[in-house]
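One structure below.
Any read-out appearing in this document is the output of simple, stated calculations on the displayed coordinates, not a laboratory observation. Because the structure is predicted, anything quoted here is derived from the model rather than measured. Backbone-built Cβ (ideal geometry, glycine too); neighbour counts: all protein chains shown.
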Amino acid sequence: MTTINEAKLATKAVWAGEKDYLVHGATQVPVIPSVAFGYDDMDEWYEVAIGQKKGHIYGRNTNPTVQAFEDKVKVLEDAKAATSFSTGMAAISNTLYTFLRPGDRVVTIKDTYGGTNKIFTEFLPNMQVDVQFCETGNDEQIRAETEKGCKILYLETPTNPTVKITDIKKCAEAAKEAGALVIVDNTFATPINQNPLALGADLVIHSATKFLGGHADALGGVVVGNDTTLVEAIYHYREINGATMDPWAAYLLLRGMKTLDLRVKRQAENAMKLATYLQKVEHVEAVFYPGLVDHPNHEIARAQMSGFGGMLSFAVKGGVDTVRDLLPKLQYANRAANLGAVETTVGPARTTSHVECTPAERAAMGIPEGLIRVSCGVEDADDILQDFKQAFAAVRVGV
Ligand SMILES: *Cc1c(COP(=O)(O)O)cnc(C)c1O
């Protein structure tokens with residue numbers, strides 16, 4: 001018999017993290033909504049409370065269903081420790097606030113997720129933390145700024161929404177030399193396509209709301225790492241500050257994750273086909289997908305990812321007017337601020353990922369107002385292509 005850690009990703013997605021939580025012969029992990037866990041033995045209670053013995057005390061700290069979720073992600077990312085959160089943004093903010101102090105410096109990229117960007121432009125400067133933004137995709141600049149000294153190098157690759165790629169290994173090396181912590185938001189790639197820990201990252205973050213859950217019905221976030229001390233420090237911040245994952249969300253996310261490998265592979269196939277088609281459409285000005293050979297960082301993507309993911313974006317001629325005309329014509333797509341779901345989901349960046357930014361800020365990040373983000377679902381690619389074809393055929397503006 002081999003251990004689950006030696007299994008392939010699709011097997012891990014199905015089996016990992018579940019066995020220790022099954023009860024009464026059930027084959028599925030139960031939802032345990034209990035807020036507190038009782039003890040008749042006062043000494044045992046005390047031992048669990050001070051962490052000398054395994055067990056649960058209070059739901060803000062730990063919960064069995066939530067722990068099963070953490071264990072599955074841990075195995076999928078090949079990490080030694082994981083801690084979960086109520087949302088992806090809670091995972092990101094709690095992780096940053098665990099380690100940053102006034103006077104510290106963070107190096108990051110210009111196109112992080114909109115909410116993350118707000119932490120860097122608004123909340124960290126309020127705490128006297130200096131944030132250095134680098135041009136996304138300019139790995140030399142990232143290295144140079146990191147070498148000047150920083151507490152944290154924070155990356156996200158591929159980025160939201162223009163799917164730019166950063167060379168994780170190259171940038172992590174420079175950060176290590178500077179004694180910095182390397183944090184990577186791996187939401188877009190998923191553990192199926194990219195393992196930042198293996199490329200030198202210290203901590204990997206997911207918005208579990210997206211691909212991990214995959215069904216757009218539960219919010220969650222998670223941080224994993226190999227240095228248990230780091231992850232325990234983040235857990236401590238979370239248990240006190242309280243952005244805990246709900247057991248019902250953990251259950252839905254666990255169930256969703258069982259099909260992660262299947263879904264992500266289909267989504268990547270659909271994305272490649274849609275991106276290739278969009279390049280030939282006369283209404284389309286530019287297509288952004290790391291799987292396209294003319295993507296500026298295609299080679300790096302090929303080297304550090306085992307698939308190019310289900311996210312792409314494209315800019316239409318005629319800007320917002322074309323967006324307004326085109327998107328309502330799609331039959332098999334939700335027009336919503338979500339991604340990673342089994343349904344194809346579309347939306348303009350100015351309404352979704354970067355709604356928090358001003359038009360000037362979006363322009364500075366290289367995000368055209370006519371940019372449409374597509375999260376490819378698991379539908380049949382032929383139907384998706386046909387749907388876009390009929391929608392473009394009926395569009396009057398932007399040609
Ligand atoms: C959605 C998203 C987040 C935030 O996650 P929430 O679960 O919505 O809080 C962070 N990073 C990326 C890349 C995302 O797509």
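Separation of the stretch 119-146 and the stretch 35-60, taken as the distance between their Cα centroids, equals 42 angstrom. Cross-link partners for residue 329 among the aspartates and glutamates, with Cα-Cα distance under 13 Å and sequence neighbours closer than 8 places in the same chain left out: 387. Would you mind pulling out the separation of the Cα centroids of the stretch 91-106 and the stretch 153-177, in Å? Here the answer is 18 Å between Cα centres.
Debye-formula intensities of the stretch 101-246, expressed as log10 I(q)/I(0) at q = 0.09, 0.12, 0.19 Å⁻¹, are -0.26, -0.48, -1.28 (one equal scatterer per alpha-carbon, no solvent). Measuring nothing but how far apart in sequence close Cα pairs (under 8 Å, 6+ apart) lie, relative to its length, the stretch 196-327 scores a relative contact order of 19 percent. Note on residue 151: aspartates and glutamates with a C-alpha under 16 Å away, same-chain residues under 8 apart excluded, are 104, 130, 173, 177, 202. With the contact rule set at Cα under 8 Å and sequence spacing of 6 or more, what percent relative contact order holds for the chain? Taking the mean separation of contacting Cα pairs over the length of the chain, I get 16 percent. An ellipsoid equivalent to the stretch 264-336, defined through the eigenvalues of its Cα gyration tensor, has semi-axes of 24, 15, 9 Å when rounded to whole angstrom and sorted largest first. With helices defined as uninterrupted DSSP H runs, which ones in the chain have an alpha carbon span along their own long axis of at least 24 Å and mean Kyte-Doolittle hydropathy of at least -0.5? Membrane-span-like by this rule: 260-278. Each residue, residue 54 and residue 343, gets one label point 7 Å from its Cα in the Cβ direction; the gap between the two is 4.0 nm. Arranged from fewest to most other beta-carbon atoms within 10 Å of their beta carbon, 257, 245 become 257, 245.
Summed over qualifying helices (DSSP H, 4 residues or more, each -39500 (n - 2.57)) and divided by its residue number, the chain shows a 222 nm mean residue ellipticity of -10500 deg cm²/dmol. Tell me whether the stretch 260-393 comes out rounded, prolate or oblate; compute the Cα gyration tensor, take square roots of the eigenvalues as a ≥ b ≥ c, and use a/c under 1.5 as the rounded threshold. Judged from the Cα gyration tensor, the stretch 260-393 comes out rounded (a/c under 1.5).
If you take all other residues with their beta carbon under 13 Å from the beta carbon of residue 102, and give Lys and Arg +1 and Asp and Glu -1, the sum is +1. Full extension of the chain between residue 396 and residue 19 yields a length gain of 130.1 nm, computed as 0.36 nm times the residue separation minus the alpha carbon distance. Residues whose amide H lies under 5 Å from that of residue 132, counting only those 5 or more places away or on a different chain, are 106, 107, 108; hydrogens are built 1.01 Å from N in the peptide plane.
Restricting attention to the chain, close to 55% of DSSP beta bridges with both partner residues there are antiparallel.
Under a 5 Å amide H cut-off, with hydrogens placed 1.01 Å from N, residue 181 pairs with 152, 153 among residues at least 5 apart or on other chains.
Ranking of 293, 346 by neighbouring Cβ atoms within 10 Å, starting from the fewest: 293, 346.
Report the Cα centroid-to-centroid distance between the stretch 65-88 and the stretch 286-303 in angstrom, as an integer. One Cα centre to the other: 30 Å. The eigenvalues of the Cα gyration tensor, multiplied by 5 and square-rooted, give the chain an equivalent ellipsoid with semi-axes of 36, 26, 19 Å from largest to smallest. Among 248, 45, the order by Cβ neighbours within 10 angstrom, fewest to most, reads 248, 45. Peptides 213-225, 29-41, 360-372 ranked from most to least packed, by the mean per-residue count of other Cβ atoms within 10 Å: 213-225, 360-372, 29-41. Any of 53/176; 8/72; 164/280; 54/258; 169/258 with alpha carbons more than 23 Å apart? Name them for me. 53/176; 54/258; 169/258, as the Cα separations exceed 23 Å there.
Rounded to whole numbers, the Karplus 3J(HN,Hα) couplings from phi for the stretch 370-380 are x, 7, 10, 9, 10, 9, 6, x, 9, 5, 6 Hz, using 6.51 cos²θ - 1.76 cosθ + 1.60 with θ = phi - 60°, and x at Gly and Pro. Potential lengthening of the chain between residue 233 and residue 364 amounts to 43.6 nm, from the contour at 0.36 nm per residue minus the alpha-carbon distance. Across the stretch 17-143, Cα pairs under 8 Å and at least six residues apart give a relative contact order of 17 percent.
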